[in-house]
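Novice: Here it is: the structure, laid out below.
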Amino acid sequence: MTDKFIFRFVAVVSIFVFVVVLVLNRRLIPAPAATPSFTAYLPMLNAFLNGTCSLLLLTSLYFIKLHNIKMHKRINITAFCLSSLFLVSYILFHYLKADTIFGDVNGDGQLSASEREAVSTLRPVYLTILISHIILAAGVLPLILLSFYRGLQMQVEKHKKLVRWAFPIWFYVTVTGVIVYLMISPYYHF
(Lines give C-alpha, C1' and ligand atoms only; values in the text may rest on other atoms or scores of the structure.)
Protein backbone atom coordinates (compact mmCIF):
# COMPACT_ATOMS: atom_id res chain seq x y z
CA MET A 1 0.00 0.00 0.00
CA THR A 2 1.31 3.40 -0.90
CA ASP A 3 1.23 6.48 1.31
CA LYS A 4 -1.17 8.06 -1.17
CA PHE A 5 -3.60 5.17 -0.75
CA ILE A 6 -3.33 5.31 3.06
CA PHE A 7 -3.95 9.07 3.14
CA ARG A 8 -6.99 8.67 0.90
CA PHE A 9 -8.29 5.78 2.99
CA VAL A 10 -7.86 7.74 6.23
CA ALA A 11 -9.56 10.78 4.67
CA VAL A 12 -12.51 8.70 3.45
CA VAL A 13 -12.97 6.95 6.81
CA SER A 14 -12.67 10.22 8.75
CA ILE A 15 -15.14 12.04 6.51
CA PHE A 16 -17.54 9.10 6.57
CA VAL A 17 -17.56 8.98 10.39
CA PHE A 18 -18.00 12.76 10.59
CA VAL A 19 -20.93 12.68 8.15
CA VAL A 20 -22.62 9.78 9.97
CA VAL A 21 -22.37 11.56 13.32
CA LEU A 22 -23.63 14.80 11.76
CA VAL A 23 -26.57 13.05 10.10
CA LEU A 24 -27.52 11.39 13.39
CA ASN A 25 -27.08 14.61 15.35
CA ARG A 26 -29.38 16.48 12.95
CA ARG A 27 -31.93 13.62 13.02
CA LEU A 28 -31.89 13.25 9.23
CA ILE A 29 -32.54 9.55 9.73
CA PRO A 30 -35.55 8.96 11.98
CA ALA A 31 -35.05 6.80 15.04
CA PRO A 32 -37.16 3.67 15.45
CA ALA A 33 -40.61 4.20 16.97
CA ALA A 34 -39.75 2.06 19.99
CA THR A 35 -36.38 2.42 21.70
CA PRO A 36 -34.85 -1.02 22.37
CA SER A 37 -34.31 -1.78 26.05
CA PHE A 38 -30.54 -2.20 25.65
CA THR A 39 -30.24 1.46 24.65
CA ALA A 40 -30.13 2.49 28.32
CA TYR A 41 -26.87 0.56 28.77
CA LEU A 42 -25.01 2.11 25.83
CA PRO A 43 -23.91 5.35 27.56
CA MET A 44 -22.40 3.37 30.45
CA LEU A 45 -20.73 1.01 27.98
CA ASN A 46 -19.33 4.02 26.12
CA ALA A 47 -17.96 5.52 29.34
CA PHE A 48 -16.44 2.16 30.28
CA LEU A 49 -14.79 1.84 26.85
CA ASN A 50 -13.46 5.40 27.05
CA GLY A 51 -12.13 4.90 30.58
CA THR A 52 -10.50 1.63 29.60
CA CYS A 53 -8.88 3.29 26.58
CA SER A 54 -7.53 6.04 28.86
CA LEU A 55 -5.85 3.43 31.04
CA LEU A 56 -4.58 1.53 28.01
CA LEU A 57 -3.06 4.68 26.51
CA LEU A 58 -1.21 5.39 29.75
CA THR A 59 -0.06 1.77 29.93
CA SER A 60 1.08 1.94 26.31
CA LEU A 61 3.12 5.05 27.10
CA TYR A 62 4.66 3.26 30.08
CA PHE A 63 5.74 0.29 27.95
CA ILE A 64 7.22 2.39 25.16
CA LYS A 65 9.23 4.31 27.76
CA LEU A 66 10.62 0.88 28.78
CA HIS A 67 11.33 0.17 25.07
CA ASN A 68 8.98 -2.80 25.20
CA ILE A 69 7.66 -2.44 21.67
CA LYS A 70 5.83 -5.77 21.68
CA MET A 71 3.63 -4.81 24.67
CA HIS A 72 3.27 -1.26 23.37
CA LYS A 73 1.86 -2.61 20.09
CA ARG A 74 -0.45 -5.11 21.77
CA ILE A 75 -1.89 -2.48 24.08
CA ASN A 76 -2.36 0.01 21.24
CA ILE A 77 -4.12 -2.60 19.12
CA THR A 78 -6.43 -3.29 22.07
CA ALA A 79 -7.06 0.45 22.57
CA PHE A 80 -7.73 0.84 18.85
CA CYS A 81 -10.22 -2.05 18.86
CA LEU A 82 -12.00 -0.73 21.95
CA SER A 83 -12.16 2.77 20.46
CA SER A 84 -13.65 1.28 17.30
CA LEU A 85 -16.22 -0.58 19.39
CA PHE A 86 -16.92 2.70 21.21
CA LEU A 87 -17.53 4.44 17.89
CA VAL A 88 -20.04 1.80 16.80
CA SER A 89 -21.80 1.93 20.18
CA TYR A 90 -21.82 5.75 20.15
CA ILE A 91 -23.34 5.88 16.67
CA LEU A 92 -25.93 3.24 17.62
CA PHE A 93 -26.91 5.15 20.76
CA HIS A 94 -27.32 8.44 18.92
CA TYR A 95 -29.39 6.71 16.27
CA LEU A 96 -31.70 5.13 18.87
CA LYS A 97 -32.00 7.95 21.41
CA ALA A 98 -32.70 11.65 21.03
CA ASP A 99 -30.22 14.00 22.61
CA THR A 100 -30.34 14.50 26.35
CA ILE A 101 -30.18 18.06 27.67
CA PHE A 102 -27.91 18.80 30.62
CA GLY A 103 -30.14 19.94 33.49
CA ASP A 104 -33.42 18.60 32.08
CA VAL A 105 -34.63 16.89 35.25
CA ASN A 106 -38.17 16.09 34.11
CA GLY A 107 -37.13 14.84 30.65
CA ASP A 108 -39.42 17.09 28.62
CA GLY A 109 -36.60 18.11 26.26
CA GLN A 110 -36.51 21.72 27.47
CA LEU A 111 -34.89 23.58 30.33
CA SER A 112 -37.42 25.36 32.50
CA ALA A 113 -36.37 28.45 34.44
CA SER A 114 -35.97 26.43 37.63
CA GLU A 115 -33.96 23.70 35.86
CA ARG A 116 -31.73 26.32 34.22
CA GLU A 117 -31.17 28.01 37.58
CA ALA A 118 -30.35 24.69 39.27
CA VAL A 119 -27.49 24.00 36.82
CA SER A 120 -26.50 27.60 36.09
CA THR A 121 -22.91 27.28 37.33
CA LEU A 122 -22.29 23.75 36.02
CA ARG A 123 -23.88 24.11 32.57
CA PRO A 124 -21.07 26.29 31.09
CA VAL A 125 -18.48 23.85 32.48
CA TYR A 126 -20.34 20.91 30.97
CA LEU A 127 -20.73 22.62 27.60
CA THR A 128 -17.05 23.62 27.51
CA ILE A 129 -15.97 20.05 28.20
CA LEU A 130 -18.52 18.63 25.74
CA ILE A 131 -17.68 21.00 22.89
CA SER A 132 -13.91 20.53 23.27
CA HIS A 133 -14.47 16.76 23.47
CA ILE A 134 -16.54 16.71 20.26
CA ILE A 135 -14.19 18.95 18.25
CA LEU A 136 -11.06 17.06 19.32
CA ALA A 137 -12.73 13.66 18.81
CA ALA A 138 -13.51 14.60 15.23
CA GLY A 139 -10.00 15.91 14.64
CA VAL A 140 -8.05 13.11 16.27
CA LEU A 141 -9.46 10.26 14.18
CA PRO A 142 -7.16 10.80 11.18
CA LEU A 143 -4.17 11.22 13.52
CA ILE A 144 -4.99 7.94 15.26
CA LEU A 145 -5.45 6.08 11.99
CA LEU A 146 -2.21 7.41 10.51
CA SER A 147 -0.14 6.87 13.66
CA PHE A 148 -1.60 3.37 14.03
CA TYR A 149 -0.62 2.56 10.45
CA ARG A 150 2.88 4.04 10.85
CA GLY A 151 3.39 2.09 14.06
CA LEU A 152 2.30 -1.21 12.54
CA GLN A 153 4.61 -0.60 9.59
CA MET A 154 7.47 0.16 12.03
CA GLN A 155 7.95 3.60 10.49
CA VAL A 156 9.14 4.76 13.89
CA GLU A 157 10.11 8.37 13.15
CA LYS A 158 6.89 9.12 11.28
CA HIS A 159 4.94 7.34 14.03
CA LYS A 160 6.63 9.45 16.74
CA LYS A 161 5.86 12.70 14.92
CA LEU A 162 2.17 11.81 14.68
CA VAL A 163 1.90 10.45 18.21
CA ARG A 164 3.20 13.70 19.68
CA TRP A 165 -0.16 15.14 18.67
CA ALA A 166 -2.38 12.05 18.58
CA PHE A 167 -1.60 10.74 22.08
CA PRO A 168 -2.50 13.81 24.17
CA ILE A 169 -5.59 14.55 22.08
CA TRP A 170 -6.79 10.92 22.12
CA PHE A 171 -6.14 10.73 25.87
CA TYR A 172 -8.06 14.00 26.46
CA VAL A 173 -10.97 12.72 24.37
CA THR A 174 -11.18 9.42 26.28
CA VAL A 175 -10.98 11.11 29.70
CA THR A 176 -13.48 13.84 28.83
CA GLY A 177 -15.79 11.17 27.40
CA VAL A 178 -16.04 9.69 30.89
CA ILE A 179 -16.50 13.13 32.45
CA VAL A 180 -19.28 14.01 29.99
CA TYR A 181 -21.03 10.73 30.82
CA LEU A 182 -20.79 11.33 34.57
CA MET A 183 -22.17 14.84 34.17
CA ILE A 184 -25.05 13.99 31.79
CA SER A 185 -26.09 10.58 33.18
CA PRO A 186 -28.44 11.98 35.87
CA TYR A 187 -30.49 13.52 33.04
CA TYR A 188 -31.02 10.38 30.97
CA HIS A 189 -34.66 9.37 30.71
CA PHE A 190 -35.22 5.91 29.25
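Novice: What is the number of the single condition among (1) outside any helix (DSSP H, G or I); (2) free of Cβ contacts under 8 Å to residues at least 60 places away in the same chain; (3) within 29 Å of Leu24 (Cα to Cα) that Val105 does not meet?
Specialist: Every listed condition holds for Val105 apart from (2).
Novice: Condition check: over 14 Å from the mean Cα position of the chain (by Cα), part of a loop (DSSP other than H, G, I, E, B) and either surrounded by 13 or more Cβ atoms within 10 Å (Cβ to Cβ) or of a type in the set (A, V, I, L, M, F, W, C) (or both). Does His159 satisfy that?
Specialist: no
Novice: Report whether or not Val140 is under 25 Å from Asn68 (Cβ atoms), open to solvent by 40 Å² or more (accessible area, probe 1.4 Å), among the β-branched types (Val, Ile, Thr) and assigned to a helix (DSSP H, G or I).
Specialist: For Val140, the condition - under 25 Å from Asn68 (Cβ atoms), open to solvent by 40 Å² or more (accessible area, probe 1.4 Å), among the β-branched types (Val, Ile, Thr) and assigned to a helix (DSSP H, G or I) - is not met.
Novice: Another question, if that's okay. Restricting attention to the stretch 73-122, and to residues there that are over 17 Å from the mean Cα position of the chain (by Cα) and within 30 Å of Phe148 (Cα to Cα), which single residue is surrounded by the fewest Cβ atoms within 10 Å (Cβ to Cβ)?
Specialist: Restricting to residues being over 17 Å from the mean Cα position of the chain (by Cα) and within 30 Å of Phe148 (Cα to Cα), the top hit is Arg74.
Novice: Looking only at the stretch 1-39, count every residue that is loosely packed, with under 15 Cβ neighbours inside 10 Å, part of a helix (DSSP H, G or I) and more than 17 Å from the chain's Cα centre (by Cα) and tell me the total.
Specialist: 10
Novice: Among the candidates Leu92, Leu57, Leu49, single out the residue that is modelled with pLDDT under 95 and in contact with a Ser or Thr (Cβ under 9 Å, 6 or more places away or on another chain).
Specialist: Answer to the check: Leu92.
Novice: Quick one: would you say His133 is open to solvent by less than 60 Å² (accessible area, probe 1.4 Å), within 15 Å of Phe18 (Cα to Cα) and either part of a helix (DSSP H, G or I) or not charged (D, E, K, R) (or both)?
Specialist: Criteria met by His133.
The values are calculated or read from the model by the stated rules, or taken from the named source; none is laboratory data. Quantities reported herein were computed from a predicted structural model and do not represent experimental measurements. Glycine also receives a Cβ, built like all others from the backbone with ideal geometry; neighbour counts cover every protein chain displayed. Protein only, heavy atoms only, side chains kept; ligands, DNA and RNA dropped before computing areas. Shrake-Rupley method; radii C 1.70, N 1.55, O 1.52, S 1.80 Å.
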